[in-house]
């Protein structure tokens, strides 16, 4: 196939696939708008309502390794088709659910479908685009996912207020389920002319071996902790605790808090293509940029948690949220590492592993904030949130520490490969601190 025709087909396939990811982010974010309506419908309080989000994120994290294995075994086309069907089914079930347990089941089904989307889209991108362009595709995918977050605000609010709970979610779920036919028809796992490998039956022990092989690669381990450190903070604030923090601790009106949270989405949409372009053109800058981000994020949390009186001026909050929102686009470095340092037949497994990092961090941080808020229930909101948000700072510190450890080890592995005369994905410049880096492949 001529290169221009191949490129057009690659973009068409990616566009078809990314619509499923946009739908996934939309469905994931619906409770940010429908939370009060869900509380009334199911007759539950804030703690039980928060279980919806924690459950969905937990299911997402748990499903990442199985999803990677499924994509490696059956191909992204089939997995994305199943994902669209599951998300549509989950949202249709949520539309008719009137009991809290059934609502939880619906969100769990939705979470399974959601978990299958991102890794599948990345596998398609890895197969149809060059390694140099891959980082840009990851960033564009994340940016368009932010559009799904925006769609979950105004349009869904309109549907809920004018058509009611049932019809709003029936429409959203129905369109997603029907789109599965488009993915089955339009997607192709590999470019035209590329012979697909014959899948071999894999035993349970073989599955564990494949996961262990991916995990033993220093680049995969580095990607796990880079994702853990960079994407957790904006996700914790955007999915669950940002709105209560701004309203209860900072004294904002709901409208002001929504606008402030909008910075997390808009900032990610604007910065993603820029960061992706830099990563594509200068891959050697990927980890230094991630390192500078976590340093800036630690500074932001120091300011927010130590501000006198606990009530931070709005301009300072706005700058803080804009800094933190860049973590989402920068977290794409994790998937570039998984792609660069694993063979193609193991890329999805490695991508699933690194994706577990970020969502494990979100689960730990979100639960930690909730537990600390319960323990501080007798304190003033500003003080309670100052203590509770220490959970976010802890997650960031843990991720930063482990990311730095594996950054040095991954660099040592690259230099060792160069010394053996092997070709490496990214050529690095040796620094003084590389001389003392340990070189084990697992720890």
Can you tell me how many residues within the stretch 145-168 are modelled with pLDDT under 80 and under 28 Å from residue 272 (Cβ atoms)?
14
Residue set 96, 54, 59; condition assigned by TED's automatic domain parsing to the domain that holds residue 166, surrounded by fewer than 23 Cβ atoms within 10 Å (Cβ to Cβ) and without any contact (Cβ under 8 Å) to a residue 60 or more places away in the chain; output residue 59
Among the residues of the stretch 191-203, are any surrounded by 13 or more Cβ atoms within 10 Å (Cβ to Cβ) and either assigned to a helix (DSSP H, G or I) or at pLDDT 80 or above (or both)?
no
Determine, yes or no, whether residue 421 is closer than 24 Å to residue 59 by Cα, modelled with pLDDT under 85 and surrounded by fewer than 24 Cβ atoms within 10 Å (Cβ to Cβ).
no
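Take residue 370 and decide whether it is more than 30 Å from residue 343 (Cα to Cα), assigned to a helix (DSSP H, G or I) and either at pLDDT below 80 or outside the structural domain of residue 53 (by TED's automatic domain parsing) (or both). Working first, answer last.
Working: more than 30 Å from residue 343 (Cα to Cα): yes; assigned to a helix (DSSP H, G or I): yes; either at pLDDT below 80 or outside the structural domain of residue 53 (by TED's automatic domain parsing) (or both): yes.
Yes.
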State which residue is nearest to the chain's Cα centre (by Cα) when the search covers only the stretch 32-51 and only residues that are buried (at least 18 other Cβ atoms within 10 Å of the Cβ) and at pLDDT 80 or above.
38
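Can you give me the number of residues within the stretch 71-101 that are closer than 19 Å to residue 123 by Cα and in a loop (DSSP other than H, G, I, E, B)? Before the answer, list the steps.
The initial filter retains those residues of the stretch 71-101 that are closer than 19 Å to residue 123 by Cα, namely 71-84.
With in a loop (DSSP other than H, G, I, E, B) added as a condition, the list becomes 75.
Residues that pass the stated criteria total 1.
Taking the stretch 415-432 only, how many residues are part of a helix (DSSP H, G or I) and free of Cβ contacts under 8 Å to residues at least 12 places away in the same chain? First the steps, then the outcome.
Initial filter on the stretch 415-432 (part of a helix (DSSP H, G or I)): 415-419, 432.
Going one step further and asking which of them are free of Cβ contacts under 8 Å to residues at least 12 places away in the same chain, we end up with 417-419, 432.
Total meeting the criteria: 4.
The values are calculated or read from the model by the stated rules, or taken from the named source; none is laboratory data. A quick note: this is a predicted structure, and the numbers were derived from the prediction, not measured. Cβ sites come from the backbone with ideal geometry, for glycine too, and all protein chains shown count toward neighbours.
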